[in-house]
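Report on one structure; see the data block that follows.
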Amino acid sequence: MTVTVRVPAKVNVQLAVGGVRPDGFHDLANVFLAVGLYDEITVTEADELTITCAGPDAAQVPLDATNLAARAALALGARHGREPRVHIHIAKDIPVAGGMAGGSADGAGALLACDALWGTGAPREELLDICAELGSDVPFSLVGGAALGRGRGEILTPLPVGGTFHWVFAVADGGLSTPAVYAECDRLRVASGTGATSADVPDPEPSPALLEALRTGDPLALAASVSNDLQAAAVSLRPSLTATLSAGTEAGALAAMVSGSGPTTAFLVQDAESAEKVAAALSASGTCRAVRVTSGPVAGATVL
């Protein structure tokens, strides 16, 4: 028996980052939007736990127990007294190490696929609990749509969205380490004199204007309210992103931002026609490796 699950990428339309906590994490107000770029996770009964991966940048994906898909199978198996004897195949289409939660998507997809394959019947709350253990972005990959993430991003509140938002993503050469970007954010805060601890930085809060823009489906209002507290750190570590952001803005994007911890850059546009125009300009600019056009919100992890 085989089970395949499709899982979307995400973009953070707001990423407000608090100061570093004593445990080393940062509190977040993280507004996620799932977008229509997908990985497909196929799980088949096997003699032992193995992983394969195919697709763009598949060579960068670890095929051992550090992969979130493997960790998901191990975690579900441990809870239900089951050896995770499965072959997990990842058909990769979400940019790798690009700030779009591709690894998190694979973890959520493998979890849902193993639950279906094994018939464990784990309730949604248990699946979300395992997701939160795996990583801060994994619960949203399971849920999809739009949501506000608090805590490390794993405590989710679904958000209403009144329309479809059109996006262009520019994929950069190479990845950026999420811990390195957070560390650079802390360094820049210290250098600016504000301090970087949770005692120094105000608690992160979602933007009321942004939440209203999502609710009404207004791309112009959303463009005016998107923000990413990690953008300065990502650009500091990868200065070439400035040229990509400028190219998209000059081509008519309503908003240009680094997606999550980067280095993928995200461009909000008015409609599908505008998306094609901005994508063509970015492709011609020579400032990025690949360009993807899509829209959101879309559903989270789904058994096919």
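The values are calculated or read from the model by the stated rules, or taken from the named source; none is laboratory data. Treat the numbers as computed from the prediction; the structure is a model and nothing was measured. Cβ coordinates were reconstructed from backbone atoms using ideal geometry, including for glycine residues, and neighbour counts include every protein chain displayed.
If I ask for residues that are surrounded by fewer than 23 Cβ atoms within 10 Å (Cβ to Cβ), of a type outside the set (D, E, K, R) and under 23 Å from Glu40 (Cα atoms), which ones from region 260-290 would you list? Hit for region 260-290 is Ala290, nothing else. Being crowded, with 22+ Cβ neighbours inside 10 Å and part of a helix (DSSP H, G or I) is not true of Val190. Can you say whether Ala223 is on the phi < 0 side of the Ramachandran plot and either surrounded by fewer than 19 Cβ atoms within 10 Å (Cβ to Cβ) or not assigned by TED's automatic domain parsing to the domain that holds Ala290 (or both), as far as the supplied structure shows? Against the criterion (on the phi < 0 side of the Ramachandran plot and either surrounded by fewer than 19 Cβ atoms within 10 Å (Cβ to Cβ) or not assigned by TED's automatic domain parsing to the domain that holds Ala290 (or both)), Ala223 does not qualify.
Could you name every one of the strands (runs of 3 or more DSSP E) located completely within region 209-296 that has at least 3 residues being touching a residue at least 60 places away in the same chain (Cβ under 8 Å)? Where strands (runs of 3 or more DSSP E) fall fully within region 209-296 and carry at least 3 residues being touching a residue at least 60 places away in the same chain (Cβ under 8 Å), they are 265-269, 290-296. Filtering region 143-166 to residues that are of a type in the set (Lys, Arg) and part of a loop (DSSP other than H, G, I, E, B) leaves only Arg152. Consider region 13-56. How many of its residues are of a type in the set (Phe, Trp, Tyr) and assigned to a loop (DSSP other than H, G, I, E, B)? Counting residues in region 13-56 that are of a type in the set (Phe, Trp, Tyr) and assigned to a loop (DSSP other than H, G, I, E, B) gives 1.
Checking each residue in region 107-138 for being surrounded by fewer than 17 Cβ atoms within 10 Å (Cβ to Cβ) and of a type in the set (D, E, K, R) picks out Arg124, Glu125, Glu126, Asp129, Glu133.
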